[in-house]
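Structure, as structure tokens:
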Amino acid sequence: MATTLHKPLGAITVDDLAAAAPGSDATALHAALRRALDSHGPTEVWGELCRSVLCPSVPFAVHRMLYYGCFAGFPSPTPPAWTPDPKESVLTNVGRVLEARGRNLIGDAYKDPITSFPDLHKFSNENPEAYWKMVFEDMGIQFSVEPSCIWRENTAYPGGEWLPGAELNAAVNCLTAKPGRSSDGPAIVWRDEGKDSDPLNFMSLEDLRKKVCLVANAIDALELPKGSAIAIDMPMDVNAVVIYLAIVLAGYVVVSIADSFAAPAISMRLKLSEAKAIFTQDYILRDDKELPLYSRVVEAKAPMAIVIPVRGSLLIKGLRVDDLSWQDFLGRVNYTEAENYTAVNQPAYAFTNILFSSGTTGEPKAIPWTHITPLKAAADGWCHMDIRKGDVVAWPTNLGWMMGPWLVYASLLNGASMALYNGSPNSSGFAKFVQDAKVTMLGLVPSIVRTWKNTDCTAGLDWSSIRCFSSSGEASSVDDYLWLMGRAGYKPVIEYCGGTEIGGGFVTGSMLQPQALSAFSTPAMGCNLFILDSSGNPLPQDSVGIGELALDPTLFGSSTTLLNADHQEVYFNGMPEWHGKILRRHGDEFERTSDGYYRAHGRADDTMNLGGIKVCNALWKYATTCCNVAFPDPHMEFHDHFQVSSIEIERICNRVHDAILETAAIGVPPVGGGPEQLTIAVVLKDQSSQIEDLNQLKLACNMALKKLNPLFKVSSVVIVPSLPRTASNKVMRRVLRKEFSQAAQAKHSKI
């Protein structure tokens, strides 16, 4: 964190505040600032400023001035933006359990939830039997057949076997009332876009159970073999959640397909999963526009489709011969038995869901989730986001991405309500929904926060019900997330990083630790992290360093197989050992800072992520297929499925000027954090010549790239003498990325 540009708090004047907040009472702000300075230490001063000065109505320029001023000269590169309150800490899920069982779990070393949180993390890795039993008991997880133990060595499973002998159904656990949580309480709260002044819609847990049973009975009436894969390609609304749970309840397997996919991407996923049917809608409504969905499913040559009308009756002229309308599908059920269903209990490793990786190496990996994976997702929510019984959890997403199923399980398995907004999350309508639904945990991606900040669409709204935010998907910006925290009285942002193949996170934050902006404070419970040195060997744990990240393979909920790739080869071959175990490959580059935080630095390979759009050296044939994605809303969040080859970017840039010999497209993270920025390294044919106007060259690149994707924007063009290459002549873009990042950091420090 650079501090040379910012005045220390004691040096900030009334005039400084008046310039930052025109029209505000700068004198009163300055007096409050002086009172806060009576606190001891910058962390305490910042806490007092958050409580007494920095309400949402104060211009953000003042928030920013006081934050940077408070921590000017701070010895750590990651000053805390939020610090846990000891009184509040005992009310968290983890704090409550530690207060009741701390000495039994940790021993006499137990002091209090905040001090002993690192001890609990260590305990979760060294004593999985006791830790996971405690979590399952507190969450109220039910097994139809209890496991013989929590974990045991088994060479058939990477990292060992979890819950051997257990049988359960994840959907049953979602539909069962938790101790202290009535079945009459709301399970889902929602609102449709354009009805922002209408009352909220609620569905109780009991009503959800009945609707899920109805759909499960209707699925059985299709007479598909048990265990068949059934796809869902629709927005994440109440119907989608009901269908998802019904498929799992009835012993089938969900195939997750994002509603933004074009026909080729839909077709690929249907073939990989061998889906026998698909649930979809006739259209998607956005801003009162009807965007076709069923037609894309037909173009993908999908199997039998069950089509839900978006406006009460189908807007399309007709269906294919074997397709069914939603009404006809439900009409096949014997309604005397419709509201009850005998769940199909299955072994713990039976599949429940097939999700897909982003496909940065060509064909996306088909990743099965089992009945264990939902428990991992929910346990992360229980521990790290502190999702409690009676909470309201919102996270704009889709069932096609892992955060969609994650939201279902993290809310319902913890006895919380799921908050769904049927519309764009970038809108003031969504922001008002957060207020009206009294959301307690709000998850998001940084691109949404940037839009909120730029449009000020949260102005005048009361987000005081929020207890924490959570963030995933891409690198976040310190300034954007400082702004976000200020909208809810400086509640913490729990950064969350994981993967579809993990079913949750491997590094995250906690309500029992200080949280720094754009940083992770802890490995996830039950997870050990390793940073590999330049030789590919793990650095000593808890040491400062930067390198490729690897995971302890004994990670609850993580994948054990892939449907279309060799799991061992993808995640384990060529990895180093630690205490006799082969570490699991992840592939991101991570840093552990001197004060114990973790920071992500993107892929350790040559993949870029430009505003949520993955750019890689995948097969261009696949990339162009996925670039035909038809997004239902130009403002909606972009996801990993939107693939473009960095090689194709370079091909285009190579042709914008006759003097260019070759180029390399590099994603460079900005100094202040946030999504990577596209830099083009240029090698000239004649090393003795120069291109006088690099801005014109940058403009030419941008104009050319618009034909590839209008969202790509070149941030800078750099002339280099040559491109670094491997012995096999492959361009080492990561070397250029490191050089450009270091140059940007050095330039910033001199300002």
Distance between segment 65-122 and segment 284-324 - C-alpha centres, whole angstrom:
50 Å
Can you sort His121, His40 so the residue with the fewest Cβ neighbours within 10 Å comes first?
His40, His121
Filtered hits (lysines, Cα-Cα < 16 Å from Lys491, offset >= 8 within chain) -> Lys87, Lys438
Residues of type lysines that Lys685 reaches as a straight line, Cα spacing below 24 Å, ignoring anything fewer than 8 places off in the same chain
Lys698, Lys730
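Given Lys276/Lys301; Lys178/Lys226; Lys195/Lys432, which pairs have Cα atoms separated by over 18 Å?
Values: Lys276/Lys301 12 Å; Lys178/Lys226 29 Å; Lys195/Lys432 11 Å.
Over 18 Å apart, Cα to Cα: Lys178/Lys226.
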With the charge dipole of the chain built from beta-carbon charges (+1 for Lys and Arg, -1 for Asp and Glu) about the Cα centre, the Cα from Cys213, Gly102, Gly460 projecting farthest to the positive end belongs to Gly460
Projected onto the charge dipole of segment 646-750 (unit charges on the beta-carbon of Lys, Arg, Asp and Glu, signs +1, +1, -1, -1), the Cα from Gln677, Cys701, Gln690 with the largest positive-side position is that of Gln677
Sticking with the crude label model, points 7 Å out along Cα→Cβ, report the distance from Lys317 to Arg35 in nm, one decimal please.
7.2 nm
Please get the size of the charge dipole for the chain, origin at its Cα centre, with Cβ charges of +1 on Lys and Arg and -1 on Asp and Glu, quoted in debye to the nearest 20.
760 debye
Segment 10-42 to segment 585-599: how many Å between their Cα centroids?
36 Å
How big is the dipole moment of segment 86-146 about its Cα centre under a simple scheme where the beta carbon of each Lys and Arg is +1, that of each Asp and Glu is -1, and everything else is neutral? Debye, nearest 20, please.
160 debye
Using Cα positions and a limit of under 14 Å, work out the aspartates and glutamates in reach of Lys707, with same-chain residues fewer than 8 apart set aside.
Glu648, Glu650
Restricting the count to DSSP beta bridges whose residues both fall in the chain, what percent are antiparallel, rounded to a multiple of 5?
55 percent
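Just need the relative contact order of the chain here, percent rounded to a whole number, with Cα pairs under 8 Å and 6+ apart. Walk me through the numbers on the way to the answer.
Details: 1528 pairs, mean separation 87.7, N = 751.
Computed value for the chain: 12 percent relative contact order.
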Whole Å is fine, so just give me how far the alpha carbon centre of segment 335-375 lies from that of segment 494-543.
26 Å
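Rounded, prolate or oblate: which fits segment 84-180 when a ≥ b ≥ c are the square roots of the eigenvalues of the alpha-carbon gyration tensor, with rounded for a/c under 1.5 and prolate only if a/b beats b/c?
Details: a/c = 2.78, a/b = 1.41, b/c = 1.97.
Oblate, because a/c is 1.5 or more while a/b does not exceed b/c.
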Give the percent of DSSP beta bridges with both residues in segment 301-418 that are antiparallel, rounded to the nearest 5.
55 percent
Packing rank of 328-336, 686-694, where each peptide gets the mean count of other beta carbons within 10 Å, highest leading
328-336, 686-694
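Please order Thr554, Thr280, Thr155, Thr27 by the number of other Cβ within 10 Å, starting at the fewest. Can you show the working numbers first?
Working: Thr554 20, Thr280 24, Thr155 7, Thr27 11.
With the fewest neighbours first, Thr554, Thr280, Thr155, Thr27 line up as Thr155, Thr27, Thr554, Thr280.
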Just name one of Thr27, Ser559, Ser543: the one whose Cα is farthest towards the positive end of the charge dipole of the chain (beta-carbon charges, Lys/Arg +1, Asp/Glu -1).
Thr27
Gyration tensor (alpha-carbon) shape descriptor, the chain, a/c threshold 1.5:
rounded
Where does each of His567, His371 land when they are ranked from fewest to most other beta-carbon atoms within 10 angstrom?
His567, His371
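For segment 646-750, what does the alpha-carbon gyration tensor say about shape, rounded, prolate or oblate, given a ≥ b ≥ c as the root eigenvalues, a/c under 1.5 as rounded, and a/b over b/c as prolate?
Details: a/c = 1.33, a/b = 1.14, b/c = 1.17.
Rounded, because the longest to shortest axis ratio a/c is under 1.5.
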Placing each pseudo-label 7 Å from Cα in the direction of the beta carbon, Tyr335 and Glu146 end up separated by a distance in nanometres of 4.3 nm
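Taken together, the values in this text are just the output of simple stated rules run on the coordinates, not laboratory data. Being a predicted model, the structure only gives us computed values, none of them experimental. All Cβ positions, even for glycine, are placed from backbone atoms using ideal geometry, and neighbour counts span all protein chains on display.
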